[in-house]
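I have placed the structure first, in the form of structure tokens, so that the comments after it can refer back to it.
The values are calculated or read from the model by the stated rules, or taken from the named source; none is laboratory data. Nothing here was measured: the structure is a model prediction, and the numbers come from that model. Please note: Cβ atoms are built from the backbone with ideal geometry, for glycine as well, and neighbour counts cover all protein chains shown. Protein only, heavy atoms only, side chains kept; ligands, DNA and RNA dropped before computing areas. Shrake-Rupley method; radii C 1.70, N 1.55, O 1.52, S 1.80 Å.
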Amino acid sequence: MDIGEILYISSRLLLGALASFFAIIVWSKTRDAAWMLMVIGTITAYAEIVYSILGMFGITSGSAFLVGSVPLAMLILSNLPTGFFIAAFLVMIIRKIHH
């Protein structure tokens, strides 16, 4: 493993952990549906980061469920955060339309 890969992995883990930490702080301070969806999206994004890094090390590469050649877990984890962000933005838009 060269210095570029180490920097890539450590920066993704560090920044993802920092974003998740702040998201959990926001979660404890608010009960707003849109913010809760943003928090859940951030935490699932960090789960995707961890899963993909484990895959780089070969720990999660043997998935029993494949969609074509892509593991089902990777397919779900890579799209789940965006789904939560879309839901959060829709909640904000609907709230603005009704007010």
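Computing Rg and the Kirkwood Rh from the Cα coordinates of the chain gives a ratio, Rg/Rh, of 1.08. Across the chain, the mean sequence separation of Cα contacts (distance under 8 Å, 6 or more residues apart), normalised by length, yields a relative contact order of 31 percent. In a DSSP loop and with at most 10 other Cβ atoms within 10 Å, the trypsin sites (Lys or Arg not before Pro) in segment 2-80 are R31.
Remark: segment 1-41 carries 69 Å² of accessible area per residue (probe radius 1.4 Å; ligands, DNA and RNA excluded).
Charges were assigned to the Cβ only: +1 to each Lys and Arg, -1 to each Asp and Glu. The resulting dipole of the chain about its Cα centre is roughly 480 debye. Once each of the chymotrypsin sites (Phe, Trp or Tyr not before Pro) sitting in a DSSP loop with at most 15 other beta-carbon atoms within 10 Å is removed, the chain keeps 1-56 as its longest stretch.
Only protein atoms count toward the accessible area here, which uses a 1.4 Å probe; on segment 3-98, the carbon and sulfur part of that area reaches 77 percent.
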